[in-house]
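Q: Questions regarding the structure given below will be posed in turn.
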Amino acid sequence: MSLKEIICKVKTWLSGLSFRTGVLVLVMCVPFYVLSFAQMALPISVEAKGFLWFILFGLAKTCQYGGLSILGVEGVKRLKAWYKKLRM
């Protein structure tokens with residue numbers, strides 16, 4: 001499977017998710033951001049801190065961009081529905 005096919009499948013899947021799901025995914029980035037920096041206070045090795053930061057910050061970014069993608073898709077749908085009501 002090529003990269004273009006994978007991206008197309010992900011876009012199709014994201015377009016099927018609701019506005020509420022987008023908000024929940026977007027809100028999930030907050031605890032991941034907090035944890036990615038709060039773990040620096042733990043008494044563990046520098047390598048472990050770097051690994052935890054990489055994973056937690058990556059999860060925060062994934063939730064952020066995923067939530068924005070879902071909200072963007074649903075937002076366009078809501079705008080189209082509103083415009084159709086105006087024209088009627």
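Q: Of (i) 46; (ii) 73; (iii) 64, which is the value of percent of Cα pairs over 16 Å apart derived from the coordinates here?
A: Answer by label: (iii).
Q: Under a 10 Å cutoff between Cα atoms, tell me which one of Val73, Val25, Val46 has the largest fluctuation in the Gaussian network model of the chain.
A: Highest fluctuation of the listed residues: Val46.
Q: So between Lys9 and Lys84, what do we pick up on full extension, going 0.36 nm a residue minus the alpha carbon distance?
A: 24.2 nm
Q: Say we join alpha carbon atoms closer than 10 Å with springs in a Gaussian network model of the chain; which of Leu24, Leu42, Leu14 then has the biggest fluctuation?
A: Leu42
Q: I'd like to check one number: the per residue accessible area of the chain, probe 1.4 Å, reported in Å² as a whole number. Mind showing how you got there, number by number?
A: On the way: 6840 Å² over 88 residues.
Spelled out: the 1.4 Å probe surface of the chain, per residue, equals 78 Å².
Q: If you don't mind, another one. Do any cysteines in the chain lack another Cys Cβ under 4.7 Å, and if so which?
A: Cys8 - these cysteines have no disulfide-compatible partner (Cβ-Cβ under 4.7 Å) in the chain.
Q: Moving on to the next point. Once phi is turned into ³J(HN,Hα) by the Karplus curve 6.51 cos²θ - 1.76 cosθ + 1.60 with θ = phi - 60°, what whole-Hz value does each residue of region 30-38 show in order, with x for glycine and proline?
A: 4, x, 5, 5, 4, 5, 5, 9, 5
Q: For labels at Tyr65 and Leu42 in the simple 7 Å Cα→Cβ model, what's the distance in nm?
A: 2.5
Q: Once the Cα atoms of helix 3-15 and of the chain are each reduced to a long axis, what angle between those two axes, in degrees from 0 to 90 to the nearest 10, is obtained?
A: Orientation of helix 3-15: about 70 degrees from the principal axis.
Q: Helix 46-87: angle to the longest alpha-carbon principal axis of the chain, degrees 0 to 90, nearest 10?
A: 10
The values are calculated or read from the model by the stated rules, or taken from the named source; none is laboratory data. Keep in mind it's a predicted model, so treat the numbers as computed, not measured. Counting neighbours? That spans all protein chains shown, and the Cβs are built from the backbone with ideal geometry, glycine included. Surface areas here come from the heavy atoms of the whole protein model, side chains and all, with no ligands, DNA or RNA. Shrake-Rupley method; radii C 1.70, N 1.55, O 1.52, S 1.80 Å.
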